[in-house]
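Colleague: Could you have a look at this structure, given as structure tokens, before my questions?
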Amino acid sequence: MTVTRECPSRRRGGGAEGARPLRRPARGGRCGCVHELSVCASIADIVTRRAAGRAVSVINVRAGQLRQIVPDTLVYCWGLLCEDTPLAGSRIVVESVPARIRCRSCGNEADVGDLPVFACAGCGGIDVEVVAGEEFLVTSLELAEETGAGTRADSGTGAGG
């Protein structure tokens, strides 16, 4: 389940009239939105080219643990980036892929966990290769159907959420 949160950055200066205020970080950290905003901009470019003028309702993305993408921040940044664009109203669904390694010595395969340790749990060896968790893919788009009145309606495929 993906939860959308406010962008964890501090608002500086007076800002533009009508600008939405940003909240302080819940955990006292720096803003992590800059990375996700640039990733969203790249996704929007891909989606715009592939949709070829058709309305998009859902973008399905697969993000590996080692890509350092925070899924809920990506979802939030997508909403910011797409506001007042042809992609407004679309949503992004992120499938998280855990990092997984294979030992070259004994062949053991295992997830690396939240604090990645790149050592074999079976034999203790460090000659390992990453077999999952480095991917970042736009896996599919769900296009919105145009109704007779010219408004958008979901395609009804049910995929991604």
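The values are calculated or read from the model by the stated rules, or taken from the named source; none is laboratory data. If you're wondering where the values come from, they're calculated on a predicted model, not measured in any experiment. Positions of Cβ are backbone-derived with ideal geometry, glycine not excepted, and every protein chain shown enters the neighbour counts.
Colleague: Mind checking whether some residue in segment 38-51 is over 11 Å from the mean Cα position of the chain (by Cα), in a loop (DSSP other than H, G, I, E, B) and free of Cβ contacts under 8 Å to residues at least 12 places away in the same chain?
Modeller: No, segment 38-51 contains no residue that is over 11 Å from the mean Cα position of the chain (by Cα), in a loop (DSSP other than H, G, I, E, B) and free of Cβ contacts under 8 Å to residues at least 12 places away in the same chain.
Colleague: Does S9 satisfy the criteria of being surrounded by 12 or more Cβ atoms within 10 Å (Cβ to Cβ), more than 30 Å from D111 (Cα to Cα) and at pLDDT below 90? Let's see the steps before the verdict.
Modeller: Numbers: surrounded by 12 or more Cβ atoms within 10 Å (Cβ to Cβ): yes; more than 30 Å from D111 (Cα to Cα): yes; at pLDDT below 90: yes.
Here the answer is yes, as S9 does meet what is asked.
Colleague: Taking into account only those residues within segment 52-68 that are among the basic types (K, R) and not in a helix (DSSP H, G or I), which is farthest from E36 (Cα to Cα)? Let's see the steps before the verdict.
Modeller: Of the residues in segment 52-68, the ones among the basic types (K, R) are 54, 62, 67.
With the extra rule that they be not in a helix (DSSP H, G or I), the set shrinks to 54, 62.
Details: R54: 25, R62: 14 Å.
This residue is R54.
Colleague: Looking at R62, is it at pLDDT 95 or above, surrounded by 15 or more Cβ atoms within 10 Å (Cβ to Cβ) and over 18 Å from the mean Cα position of the chain (by Cα)? It would help to see each step written out before you state the result.
Modeller: Values: at pLDDT 95 or above: yes; surrounded by 15 or more Cβ atoms within 10 Å (Cβ to Cβ): yes; over 18 Å from the mean Cα position of the chain (by Cα): no.
In short, no.
Colleague: In addition: Which pairs have Cβ atoms under 7 Å, sit 6 or more apart or on different chains, and link a residue in segment 92-107 that is free of Cβ contacts under 8 Å to residues at least 24 places away in the same chain to one that is loosely packed, with under 15 Cβ neighbours inside 10 Å?
Modeller: That search, which allows pairs on different chains as well, returns S105/C123; S105/G125; S105/D127; C106/G122; C106/C123; C106/G125.
Colleague: Please specify each residue of segment 122-135 satisfying the condition of being of a type in the set (A, V, I, L, M, F, W, C), under 23 Å from Q68 (Cα atoms) and part of a loop (DSSP other than H, G, I, E, B). Reasoning before the result, please.
Modeller: To start, the set of residues in segment 122-135 that are of a type in the set (A, V, I, L, M, F, W, C) comprises 123, 126, 128, 130-132.
Restricting the remaining residues to those that are under 23 Å from Q68 (Cα atoms) gives 126, 128, 130-132.
Result: I126, single match.
Colleague: Suppose we filter segment 99-133 for residues that are at pLDDT 95 or above, closer than 30 Å to Y76 by Cα and exposed (fewer than 14 other Cβ atoms within 10 Å of the Cβ); how many remain?
Modeller: Here the count works out to 1.
Colleague: Being surrounded by 13 or more Cβ atoms within 10 Å (Cβ to Cβ), in a strand (DSSP E or B) and modelled with pLDDT of 90 or more: is that true of E142 here? Show your work before the answer.
Modeller: Working: surrounded by 13 or more Cβ atoms within 10 Å (Cβ to Cβ): yes; in a strand (DSSP E or B): yes; modelled with pLDDT of 90 or more: yes.
Here the answer is yes, as E142 does meet what is asked.
Colleague: Would segment 79-93 turn up any residue that is at pLDDT below 95 and over 25 Å from R49 (Cβ atoms)?
Modeller: no
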